[in-house]
Amino acid sequence: MPLLARMLSAPMVIDVRPGAICGLGALLADRRIATQGRVAVAVGPAQGDSITAELEIDEAEIFRIADGSHGSAVLLGERLRAGAYEAVAGIGGGRTIDVTKFAAHMAGIPMVAVATNLAHDGIASPVSSLKHESGKGSYGVVMPVAVVVDLDRVRCAPDPLASAGIGDVVSNLSAVADWELAAADTAEQVDGLAAAMARSAAHAVLHQPGHAQSDEFLTVLAEALVLSGLAMAVAGSSRPCSGGDHEIMHAVDQLYPGTGSHGELAGAGALFCAHLRDDPSQAELISACLARHGLPRTPADLGLSLADFTRAVELAPATRPGRYTILERLSMSAAETAKRVEEYARAYAG
């Protein structure tokens, strides 16, 4: 009988609720994760230490992660491998989780992601984004075996980080549209299931009412970020969640480090790409959502000049060689890029 379905990798536990962090000790003691209980915990510079102080995981070895670099990830991987740990939990924001995912993959052990903010879609994705000597690179890794999101902890994160992942999730619409452009222009194959998952995640956030700090909204956002990660796992790449929007994000990050968070840059990049595609319906959906939740929409909102943003758009295609998006289709000259950036900024100012 022919195979009529495919098997999908997914975390075996997804725990999103207020107080979820209290269940981490029991989760790490789960014999499906660690049979002997020899586990490590990697913490970031923000809430990681305060969280570990509250947990009953005295037997766990604590490792502190200084930054989100490839070097830090390799060093942690070596320590995990040398210590013969059975599992590791990464507690913190995006950089901490990405470093821990890479290190766990390198050491060949399962990883539990404990998110203290909802700024990006890497919580459950099979990708680690790490800084290196020439910028930032994306590395394929095994996705987390479990995901824990404590909504109380998320609300304690700095305002730009607590829910900036809104921009990352809604950028899925732009990424899928770019994927479809690639299918039309270059015959690249679109994975329908991955695209459906990415779009569903975006629409869940776009149409969820209420304030971004409410339990209801944060739950939908966390689940949408996890679903985006699963979409990437299905596709075998970041394609369903990363198009021209993320090319621009990576270019801004490279040219102007410290400008906005991952989610903020992805949201603004998605709005610009919708503008380039002359898709007013999608642009209005994205713009209204970003405005409703106080996320940046224009270069000025990000603290960039029009010239700064234009330079980032010009560099953007080089950040993801081989990826085809609206930026590659238009292949704009410097003058045309500046003109389109000015049009976009004028259309969404205020």
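The values are calculated or read from the model by the stated rules, or taken from the named source; none is laboratory data. Note that this is a predicted model, so its numbers are computed, not measured. Cβ: placed from backbone, ideal geometry, glycine included. Neighbour counts: every protein chain shown. Side chains are part of the model used for accessible areas, which takes the heavy atoms of the whole protein and leaves out ligands, DNA and RNA. Shrake-Rupley method; radii C 1.70, N 1.55, O 1.52, S 1.80 Å.
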Inset, instruction - Would you be able to say whether some residue in segment 247-265 is among the acidic types (Asp, Glu) and within 18 Å of Arg340 (Cβ to Cβ)? - result: yes
Inset, instruction - Give Gly269, Gly243, Gly294 a once-over and let me know the one that is open to solvent by 40 Å² or more (accessible area, probe 1.4 Å) and of a type outside the set (Ser, Thr, Tyr). - result: Gly294
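Every residue, every condition in (1) of a type outside the set (D, E, K, R); (2) crowded, with 17+ Cβ neighbours inside 10 Å; (3) in contact with a Lys or Arg (Cβ under 6 Å, 6 or more places away or on another chain); (4) modelled with pLDDT of 85 or more, yes or no:
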site: Met7; (1), (2), (3), (4): yes, no, no, no
site: Ala20; (1), (2), (3), (4): yes, yes, no, yes
site: Ala34; (1), (2), (3), (4): yes, yes, no, no
site: Ala42; (1), (2), (3), (4): yes, yes, no, yes
Inset, instruction - Go through segment 158-172 residue by residue and tally those that are open to solvent by less than 10 Å² (accessible area, probe 1.4 Å) and over 18 Å from Cys241 (Cβ atoms). - result: 1
Legend entry - Selection status of Ala334, surrounded by fewer than 19 Cβ atoms within 10 Å (Cβ to Cβ) and on the phi < 0 side of the Ramachandran plot: yes
Legend entry - Leading residue by the ranking (farthest from Gly93 (Cα to Cα)) among those in segment 236-249 that are modelled with pLDDT of 95 or more and part of a loop (DSSP other than H, G, I, E, B): Gly243
Inset, instruction - Report whether or not Gly90 is within 17 Å of the chain's Cα centre (by Cα) and open to solvent by less than 40 Å² (accessible area, probe 1.4 Å). - result: yes
Inset, instruction - Would you mind telling me which numbered condition in (1) over 24 Å from Gly263 (Cα atoms); (2) open to solvent by 50 Å² or more (accessible area, probe 1.4 Å) Ile14 fails? - result: (1)
Legend entry - Members of segment 209-225 found to be crowded, with 24+ Cβ neighbours inside 10 Å and within 15 Å of the chain's Cα centre (by Cα), listed by number: Leu221, Ala222, Ala224, Leu225
Inset, instruction - Scan segment 114-134 and give yes if some residue there is surrounded by fewer than 16 Cβ atoms within 10 Å (Cβ to Cβ) and closer than 23 Å to Asp30 by Cβ, otherwise no. - result: no
Legend entry - Checklist (1) buried (at least 19 other Cβ atoms within 10 Å of the Cβ); (2) at positive phi applied to Ala84, failing item: (1)
Legend entry - helices (runs of 4 or more DSSP H) completely within segment 106-220 that count 1 or more residues being β-branched (Val, Ile, Thr) and within 22 Å of Gly93 (Cβ to Cβ): 151-155, 165-186, 192-206
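Here is a yes/no grid of residues against (1) closer than 20 Å to Leu276 by Cβ; (2) touching a residue at least 12 places away in the same chain (Cβ under 8 Å); (3) of a type in the set (Asp, Glu):
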| residue | (1), (2), (3) |
| --- | --- |
| Glu133 | no, no, yes |
| Tyr139 | no, yes, no |
| Val148 | no, yes, no |
| Arg153 | no, yes, no |
| Asp159 | no, no, yes |
| Gly165 | no, yes, no |
| Asn172 | yes, yes, no |
| Asp178 | yes, yes, yes |
| Glu188 | yes, yes, yes |
Inset, instruction - Scan segment 246-266 for residues that are among the hydrophobic types (A, V, I, L, M, F, W, C) and buried (at least 24 other Cβ atoms within 10 Å of the Cβ) and jot them down. - result: Ile248, Met249, Ala251, Val252, Leu265, Ala266
Legend entry - Residue check for Thr100: polar (S, T, N, Q), assigned to a helix (DSSP H, G or I), modelled with pLDDT under 95 and buried (at least 24 other Cβ atoms within 10 Å of the Cβ): no
